[in-house]
Amino acid sequence: MISYRTLFWDLDGTLTDPKEGITRSVQYALERLGIEVLERDELVPFIGPPLLDSFQRVRGLSETDARRAVAFYRERFTETGIFENLIYPGIAELLRDLQAAEVRMAVATSKPTESAERILVHFGIRGYFQAVYGADLEGGRSRKLDVLREATRAFAPFPMPAAMIGDHALDIEAAHACGVDGIAALYGYGAQEEVAAQRPTHGAKDVPALRRLLLP
């Protein structure tokens, strides 16, 4: 089994379970646009990908309305939804033990960097990461590929072997494009068939399985 020396981590659906905060904030944004959504489970596809893309792809909004929706989303998420979130059991202990094993770690997320920092601090796990790379609020860097490309550039030189861990197909696609292994967090919210189509290097069905993979 490979002993990874560098790990890039996705946040939503990999380190934490953000379902309540994200879906409630999306619901609020759509309601501000006059669109009622009674079942928040319909909004699970918003977890992971960039919001602007998801409002257009999942709900069929125009780009103009999608930008309005993102602004409404941030109204609620910034103060309330950001902490309607749970760290997955076993993640903090895994990060602690990886740090003790001298594995270099960074977060690479499509969430804005400032929001990611606040969440990591809230859960007491910010200190395990040397850096946090996220989207910029102007939209110049929002796709996971753009974020991970910046992370691998800014974090270099980093010891190999290296991997990106994430629950979404976009995480695995970005990993391969950036020349690192892609580890699928199959316990998250990414569509399993889409993840499988990207041919992840490894998959972990839960956090204990991820521990066995990363700390052989």
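Rule-based calculations on the coordinates, nothing more; no lab input. Since the model is a prediction, treat every value here as computed from it, not as a measurement. A quick note on method: Cβ atoms are made from the backbone with ideal geometry, for glycine too, and the neighbour counts reach across all protein chains shown.
Selection among V103, G134, A196 by position relative to the dipole of the chain gives V103 as farthest towards the positive end (Cβ unit charges, Cα centre). DSSP beta bridges confined to the chain are antiparallel in about 10 percent of cases. Dipole of the chain computed with +1 at Lys/Arg Cβ and -1 at Asp/Glu Cβ about the Cα centre; of F83, P45, P159, farthest Cα towards the positive end is P159.
Length gained on full extension, L86 to E63, computed as 0.36 nm times the residue gap minus the Cα-Cα distance: 5.2 nm. A viscosity of 1.306 mPa s and a temperature of 10 °C, combined with the Kirkwood radius over C-alpha pairs in the Stokes-Einstein formula, give the range 19-83 a diffusion coefficient of 140 µm²/s.
Scanning residues 5 or more positions from G203 or on other chains, those with amide H under 5 Å from its amide H are A184, with H placed 1.01 Å from N in the peptide plane.
Only Lys, Arg, Asp and Glu carry charge here, each on its Cβ (+1 for the first two, -1 for the last two); on that basis the chain has a dipole of about 480 debye about its Cα centre.
Take every Cα pair under 8 Å whose residues are at least 6 apart in sequence, average their separation, divide by the length of the range 1-111, and the relative contact order is 46 percent. Distances between placed amide hydrogens fall under 5 Å for W9 paired with A106, V107, A108, I165, all partners being 5 or more residues away or on another chain.
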